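Since the structure comes first, as structure tokens, the remarks are kept for the end.
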Amino acid sequence: MVVTRVNQSVLGALERPTLAWLARHMPPGVKPDHLTLLGLSGALFTGAGFILSCWSIGWLWLANFGLIINWLGDSVDGTLARHRRIERPRYGFFIDHTSDMFSQVVIFLAIGISPCAHFAVACLGLIAFLMAFIYTMIGTHVRQRMRITYFGFGPTEIRALLFVGNLLVLSFGVLDVHAFVPYLSRFEWVSVHDVVISALAGIGVMLIVFLAVREMRALGAEDPAHDPGLSPELIDRRH
């Protein structure tokens, strides 16, 4: 099955030339599998940084380092394979998306353990990510088109927001914003991470529902129900 990748990342104008340059200058001994493992190790570094920030906020530097490593490995592995023309479509698809799944689970759960966000909010973000992940896999099967981003937002943007959020915490500490937003005043404390993750998760879930309903209607028109009284021969002639 030939799959068309749809990547309309907001940061794509910066990311694509960077990935192409990295692929061209990658040492010959470095293989796509090495980069996939590098990306997974980056997620582990990120998770460790978030968890260790329970004892010292300074460990968020490790989390940010891990986000960079995760981006590098996850984004360059496929670019390198295409640049060298050594793609392994089924194997690469499986390894890439399986490592993405585990990476995001580690990162989101670690955010929930850290002082940056409530665990329930981090789980909400993880649920939204997994919904988008599953919807992407369904769309890949139905349309042979794999969406990397939705309305310009994808994994790179998630990492960028986490990176900036961590810098804010490192600069100003964990900011409690519930006193500044009347609706949030009933909560004991609400961090910037809580607000951003909750907002993005809510918007993401609504967009997925909208896209799913739209796709269901489109597929219903393309693949109409058959009259049970018609013979298989007549159905074949209609199509």
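Residue by residue through the stretch 2-34, note down the ones that are open to solvent by 100 Å² or more (accessible area, probe 1.4 Å) and in contact with a helix residue (DSSP H, G or I) (Cβ under 8 Å, 6 or more places away or on another chain).
Hits for the stretch 2-34 are V10, R24.
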Original post:
Regarding S103, is this residue more than 27 Å from V76 (Cα to Cα) and of a type in the set (S, T, Y)?
Top reply: no
Result of the Cβ filter at 7 Å on the stretch 9-25, keeping first residues that are farther than 16 Å from P155 by Cβ and in contact (Cβ under 8 Å) with a residue 24 or more places away in the chain and partners that are part of a helix (DSSP H, G or I) and open to solvent by less than 40 Å² (accessible area, probe 1.4 Å), at least 6 apart or interchain, is A20/T79; L22/V76; A23/V76; A23/T79; A23/L80
Within the stretch 206-229, the count of residues that are open to solvent by less than 50 Å² (accessible area, probe 1.4 Å) and within 20 Å of the chain's Cα centre (by Cα) comes to 3
Among helices (runs of 4 or more DSSP H) entirely inside the stretch 1-111, those with 2 or more residues being in contact with a Gly (Cβ under 9 Å, 6 or more places away or on another chain) and modelled with pLDDT of 95 or more are 32-52, 60-84
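When you check M137 against the structure, is it outside any helix (DSSP H, G or I) and open to solvent by less than 60 Å² (accessible area, probe 1.4 Å), yes or no?
In short, no.
Out of curiosity, is L170 open to solvent by 40 Å² or more (accessible area, probe 1.4 Å), modelled with pLDDT of 75 or more and either under 26 Å from the mean Cα position of the chain (by Cα) or of a type in the set (F, W, Y) (or both)?
So L170 fits the description; yes.
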Taking the condition open to solvent by less than 40 Å² (accessible area, probe 1.4 Å), within 18 Å of the chain's Cα centre (by Cα) and within 16 Å of T46 (Cα to Cα), does G73 pass?
yes
Those residues of the stretch 84-114 that are buried (at least 16 other Cβ atoms within 10 Å of the Cβ), touching a residue at least 40 places away in the same chain (Cβ under 8 Å) and not hydroxyl-bearing (S, T, Y) come to a total of 12
Residue pairs qualifying under the 7 Å Cβ cut-off, at least six apart or on distinct chains, with the first in the stretch 195-221 being among the β-branched types (V, I, T) and the second being open to solvent by 50 Å² or more (accessible area, probe 1.4 Å), are V196/L161; I197/L124; V205/M131; I208/M131
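The values are calculated or read from the model by the stated rules, or taken from the named source; none is laboratory data. What you see is a predicted model, and the numbers here were worked out from it, not measured in a lab. All Cβ positions, even for glycine, are placed from backbone atoms using ideal geometry, and neighbour counts span all protein chains on display. Surface areas here come from the heavy atoms of the whole protein model, side chains and all, with no ligands, DNA or RNA. Shrake-Rupley method; radii C 1.70, N 1.55, O 1.52, S 1.80 Å.
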